[in-house]
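Inspection log for the structure reproduced underneath, given as structure tokens.
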Amino acid sequence: MTKLPVPFVERAVADLDCLWVRAGKLTTSEGARARMQADLSRKLHSGDFSTVPLAYIIAMADRGHEPAQDALAEYIGTFIDQKKFPELTPGLQDYNKRVLLRRQLPGYGRGNKIIDTWTRDAVIAFLVGSAIGAWHLKKKPAAYLVALMLKRRGIRPASTRQVLDIYDSRDTLGARVVAFMMSAVPDDEPSADAGAV
């Protein structure tokens, strides 16, 4: 597939594998969701709603986005534990009441969701960029090395084409995550009006 020398390929794949291991939990769906929840929780506790307004976090939770639901549950729980529930905003008090009356929150269901892969894709794009920079490779050979490392680990995506697609779409990853989190129905495919978000 590539004209790179075998000893170089083996060493490069081993180096990339070490970086993948260091990324650890970020490469898993649980890690991706936990990272999103932690980011939302940090915004709630700091009161910094400049990038994601509180109303958006509540809307995300209402639409079934589990990291937003978990972040709100933890935040509201903190106020309840500290006997400060009346200090919550009316929007948070209303959300809490709706959740208690609903008994079951909507969720993602089954299937591949960007919320599960966004951190993995960021790590893959980083690894391709690192291979380009460290070994002065062009994009395709760098993607080949990353794909080979993923394939040896039994991780998808394991083709050079898939890794290249992830690398080429790295600049839109954040926008795609935001569009997903703001979607009315969690789905992998952006809707026709996703650009309006």
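What the table shows:
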| quantity | calculated |
| --- | --- |
| Only listed residue being within 22 Å of Asn112 (Cβ to Cβ), of a type in the set (A, V, I, L, M) and out of contact with any Lys or Arg (no Cβ under 9 Å at 6 or more places or on another chain), chosen from Ala55, Ala34, Ala61 | Ala61 |
| Residue satisfying condition, being under 30 Å from Arg170 (Cβ atoms), touching a helix residue (DSSP H, G or I) at 6+ places or on another chain (Cβ under 6 Å) and assigned to a helix (DSSP H, G or I), within set Ala59, Ala12 | Ala12 |
| Given (1) in a helix (DSSP H, G or I); (2) under 30 Å from Leu4 (Cα atoms), number of the condition Leu92 does not satisfy | (2) |
| Tally, over segment 40-55, of residues that are more than 15 Å from Asp94 (Cβ to Cβ) and surrounded by 14 or more Cβ atoms within 10 Å (Cβ to Cβ) | 5 |
| Search result, residues across segment 135-158 that are modelled with pLDDT of 95 or more and small (Gly, Ala, Ser) | Ala142, Ala143, Ala147 |
| Any hit, segment 77-91, residues being modelled with pLDDT under 90 and small (Gly, Ala, Ser) | no |
| The one condition in (1) outside any helix (DSSP H, G or I); (2) among the acidic types (Asp, Glu); (3) closer than 13 Å to Ala68 by Cα that Asp39 fails to fulfil | (1) |
| All positions within segment 150-166 that are part of a helix (DSSP H, G or I) and over 19 Å from Ser29 (Cα atoms) | Arg152, Thr160, Arg161, Leu164, Asp165 |
| Candidates Val178, Val99, Val185, Val197 - the one that is out of contact with any helix residue (DSSP H, G or I) (no Cβ under 6 Å at 6 or more places or on another chain), exposed (fewer than 15 other Cβ atoms within 10 Å of the Cβ) and at pLDDT below 95 | Val185 |
| Conditions (1) surrounded by 17 or more Cβ atoms within 10 Å (Cβ to Cβ); (2) within 16 Å of the chain's Cα centre (by Cα); (3) of a type in the set (Val, Ile, Thr); number of the one not met by Val13 | (2) |
| Residues of segment 130-142 satisfying the condition of being surrounded by 15 or more Cβ atoms within 10 Å (Cβ to Cβ) and not in a helix (DSSP H, G or I) | Leu137 |
| Contacts under 9 angstrom Cβ, first residue in segment 158-169 being assigned by TED's automatic domain parsing to the domain that holds Arg120, partner outside any helix (DSSP H, G or I) and among the hydrophobic types (A, V, I, L, M, F, W, C), 6 or more apart | Thr160/Met1 |
| Selection within segment 19-39 - of a type in the set (Val, Ile, Thr) and surrounded by fewer than 19 Cβ atoms within 10 Å (Cβ to Cβ) | Val21, Thr28 |
| Qualifying residue in segment 118-129 (condition: in contact with a Pro (Cβ under 6 Å, 6 or more places away or on another chain) and part of a helix (DSSP H, G or I)) | no |
| Among (1) touching a helix residue (DSSP H, G or I) at 6+ places or on another chain (Cβ under 6 Å); (2) modelled with pLDDT under 95, the one test that Val123 misses | (2) |
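The values are calculated or read from the model by the stated rules, or taken from the named source; none is laboratory data. These numbers were taken from a predicted model, which means no experiment stands behind them. Quick reminder, even Gly has a Cβ in these numbers, built from the backbone with ideal geometry, and neighbours come from all protein chains shown.
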